[in-house]
Every structure is written in C-alpha cells, then in structure tokens.
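What follows is one structure encoded as structure tokens, with my remarks underneath.
The values are calculated or read from the model by the stated rules, or taken from the named source; none is laboratory data. The shown structure was predicted, so the numbers you read here are calculated from the model rather than taken from an experiment. Note: ideal-geometry Cβ built from the backbone for every residue, glycine included; neighbour counts use all protein chains shown. Areas reflect the complete protein model, heavy atoms only, side chains present, ligands, DNA and RNA absent. Shrake-Rupley method; radii C 1.70, N 1.55, O 1.52, S 1.80 Å.
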Amino acid sequence: MATLRHQLEIIAHRQRSLIQACHDKLDQLSDSQLRWSPDAKTWSIALVLDHLIKVHVATSPAFMRVLLAAPPAGDEKTQELPYSFSDRLVVQLLSPGARFKLPVPRIFIPVEHHGSPHHLVEKLYEEFDAFEIVLNFADEKQLRGLRVSSPAGNARPSVIAYLDATVQHNKYHWQQIEALIKDSNFPKD
C-alpha cells in the first residue's frame with residue numbers, strides 16, 4: 001500500500017488501527033452480544049454499527065463529489081494544510097473525550113434490524129473500505145481551500161478536517177463499543 005501525504009497518512013493510520021480493533025473484537029461476538037444493551041438509553045453494539053454505517057453512506061459520496069471536481073494535487077502533497085478555527089472545532093466535537101455531546105442528526109439515528117446483526121459488521125467493513133478509497137483519491141487531489149457540506153447540517157469544513165473528524169467520530173463510537181464489552185453484565189456467550 002502506497003504511503004499517502006503526511007496528513008492523510010496520519011488519518012489513514014488511525015482508521016486502519018480502528019479497523020484492526022474491530023476485526024479483533026467484533027468478528028468473535030455472538031448475535032446476542034451485538035444486540036445487548038445495559039439499559040434503554042444506551043445503544044447496543046448493533047445500533048452503534050448502524051449509526052456508523054449511516055454516517056459513512058452519507059459522507060463518502062459527499063467527499064467523492066467534491067474530490068472529483070478538484071484539480072490534481074501537484075506540489076501541495078508536500079505541504080501541511082492548516083485547519084481553520086471552525087475545522088478544529090468540528091474535529092474536536094466529534095472526537096473521543098469531547099466536552100459537549102452533540103445530538104445525533106435525524107438521518108444518522110440508528111434503527112434495530114431483524115436477523116443476524118453480523119450483516120451490520122460486514123456492511124461497516126464495506127463502508128470502511130469505501131472510506132479508504134476516498135482517502136487514496138483525496139491524496140491525488142488539491143485539498144487547499146476545498147470544503148465539503150455535511151449531510152447533517154450547515155457545516156462546511158475543509159475536506160482534510162472532515163476526513164479527520166470522520167475517523168475521530170469512528171474512534172468515539174469504538175470507545176462506546178469497548179465500554180459495552182467491558183460492562184460486567186455483558187453476555188458471556
């Protein structure tokens with residue numbers, strides 16, 4: 001796998017680490033473990049997966065539309081792209097440990113699925129693969145000044161910051177999954 005420009009490589013490395021953690025944990029879980037929740041207010045692993053799938057299904061095409069119209073990267077590949085204040089805010093709000101919990105936009109609210117929730121695990125891996133394609137495509141494009149509209153609202157962060165925020169958001173929800181697995185009442189199937 002070719003190395004991406006520095007900023008994208010950091011984002012890709014974080015995402016690859018998360019994917020490996022998913023394979024290490026999720027692939028071994030039973031249906032009942034994937035559906036388990038300690039209470040009615042807490043999402044099960046299956047609901048977290050459904051939420052992440054919805055986010056990626058909406059954002060990856062948005063990234064690609066913007067990237068398809070962008071010119072080739074040229075010498076920009078050697079430059080560090082700065083984040084604006086609003087870019088840093090978007091990344092911070094979607095990161096693990098964020099001080100404020102944002103409400104989930106309606107389009108990203110997860111739903112219960114019938115049948116085995118393992119199809120959600122496989123679908124998430126497909127969306128993660130699509131995100132990797134976006135990262136590789138972004139590496140070939142000029143990203144300076146390139147903004148993308150969030151499918152969930154009025155935000156228009158830079159592409160680089162939104163890619164970063166997407167991985168941070170994935171990590172945030174991975175921490176939720178880990179907390180469920182570590183819960184003393186988590187099924188031992």
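In this structure, residue 3 and residue 40 have a Cβ-Cβ separation that, at R0 = 35 Å, corresponds to a calculated FRET efficiency of about 0.15.
The Cβ shell under 11 Å around residue 110 holds other residues with a net charge of -1, Lys and Arg each +1, Asp and Glu each -1. Stretched out straight at 0.36 nm per residue, the stretch from residue 137 to residue 32 would grow longer than its current Cα-Cα span by 34.0 nm.
Relative to the globular-protein estimate of 2.2 N^0.38 Å, the Cα radius of gyration of region 37-115 stands at 1.48. On the principal axes of its alpha carbon atoms, region 75-140 extends 49, 31, 20 Å, with the longest extent given first. Across the accessible surface of region 1-147, with the other protein chains kept in place and a 1.4 Å probe, carbon and sulfur atoms take up 59 percent.
Shape descriptor for the chain: Rg over Rh equals 0.98 (Cα atoms; Rh from the Kirkwood inverse mean 1/r).
Sorting 66-74, 30-38 by average packing, meaning the other beta carbons within 10 Å per residue, from highest down gives 30-38, 66-74.
Kindly provide log₁₀ I(q)/I(0) values, in the same order as q = 0.10, 0.11 Å⁻¹, from the Debye equation applied to equal alpha-carbon scatterers of region 99-189. Normalising to I(0) and taking log10 leaves -0.38, -0.46.
Helical runs assigned H by DSSP (4 residues or longer) give the chain a calculated mean residue ellipticity at 222 nm of -19000 deg cm²/dmol, each run adding -39500 (n - 2.57) before division by the residue total.
Between residue 122 and residue 106, the distance separating the two model label sites (each 7 Å from Cα on the Cα→Cβ line) works out to 3.2 nm. In this model, which of 25/77; 123/188; 41/171; 101/182; 141/171 are farther than 32 Å apart at the alpha-carbon? Where the Cα-Cα span goes over 32 Å, the pairs concerned are 25/77. The protection proxy used here, the mean number of other Cβ atoms lying within 10 Å of each residue, ranks peptides 170-183, 50-63 as follows, highest first: 50-63, 170-183. Within the chain, which complete DSSP H helices have Cα atoms spanning at least 27 Å along the helix axis and a mean Kyte-Doolittle hydropathy of -1.0 or higher? Span-like helices, by this rule, are 6-26, 45-69, 118-139, 159-182.
Accessible surface computed residue by residue for the chain, with neighbouring protein chains in place and a 1.4 Å probe, gives 53 Å² per residue.
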